[in-house]
1. Label residue 62 and residue 226 with points 7 Å out from Cα along Cα→Cβ: what is the distance between them in nm?
2. Tell me, rounded to the nearest percent, the portion of alpha carbon pairs in region 103-249 spaced more than 19 Å apart.
3. How far apart, in nm, are the 7 Å Cα→Cβ label points at residue 52 and residue 124?
4. Using a Gaussian network model on the chain with a 10 Å cutoff between Cα atoms, which of 111, 217, 39 fluctuates the most?
5. Extending each Cα 7 Å along its Cβ direction at residue 87 and residue 170, get the distance between those two points in nm, one decimal.
6. Given the options 140, 43, 172, which has the most mean-square fluctuation in a GNM of the chain, springs set between C-alpha atoms less than 10 angstrom apart?
7. For the chain, just say rounded, prolate or oblate: build the C-alpha gyration tensor, square-root its eigenvalues into a ≥ b ≥ c, call rounded for a/c under 1.5, and beyond that prolate if a/b exceeds b/c, oblate if not.
8. Extension gain residue 203-residue 107, at 0.36 nm per residue separation less the Cα-Cα distance, in nm?
Ligand code: PXP
């Protein structure tokens, strides 16, 4: 679905699997949530297959690849195991994220600048196979420039720090982080990178980020799945979409 200003919404369905796995049941089914998200206007579906399979599992990726009508953005750590899985499925996009086993969620961005050589070799076969390669990075000039040098097509800017500062009421620091995100969006685009953003976004924090003209896609999960408890997934997605379009208009 093409949206005003070409800002796409990728809906991350990881936490549907979190609820399912909490009881080891067959429900709720992430593919069913993904299809509902599609109907409600999601432009893509995002899923993170973590090394410890704490939410999405291998069978979920198979089901999403077979059952989705919109593109799958497959989030993964830069490991050999994940590269093999991505090359087997060839999803529309792979987003390389840092992963630490003990973290609750993806903390911080990928260290591209210090791992330039390794990551350049890591992403080359993914690109050759036809995946769009995205790197999940902090709003940091060294990371943006390294991402461009190694041939990534996309950078996804980590909005987690901005959202945390908002939640903690540290508004001056939040605004400074928002400025950094804005500057790095423009810089990344000037280097030929497509710009995405995500992590921790809510109805309260989405608009300033959606307003950056360079940002082409937002990936949002935890808040939408949480909000769906109260208003349902289609209504949560519709409202997020409305706020994104309002910010863009
Ligand atoms: N983008 C990336 C790269 C992520 O790792 C995540 C979390 O899996 C998200 C976006 C979505 O973050 P949230 O679930 O906090 O909206």
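Bear in mind these aren't lab numbers, they're just calculated from the coordinates by the rules spelled out. Keep in mind that this is a model prediction, so the values were computed, not measured. Virtual Cβ from ideal backbone geometry, glycine too; neighbours counted across all protein chains shown.
1. 3.3
2. Working: 5783 of 10731 pairs.
Across region 103-249, Cα pairs with separations above 19 Å total 54 percent.
3. Here the answer is 3.4 nm between the modelled labels.
4. 39
5. Between residue 87 and residue 170, the simple spin-label model gives 4.2 nm.
6. Greatest mean-square fluctuation among the candidates belongs to 172.
7. Working: a/c = 1.44, a/b = 1.05, b/c = 1.37.
Rounded is the answer for the chain, as its axis ratio a/c remains below 1.5.
8. Details: separation 96, 0.36 × 96 = 34.56 nm, distance 2.11 nm.
Full extension from residue 203 to residue 107 adds 32.4 nm.
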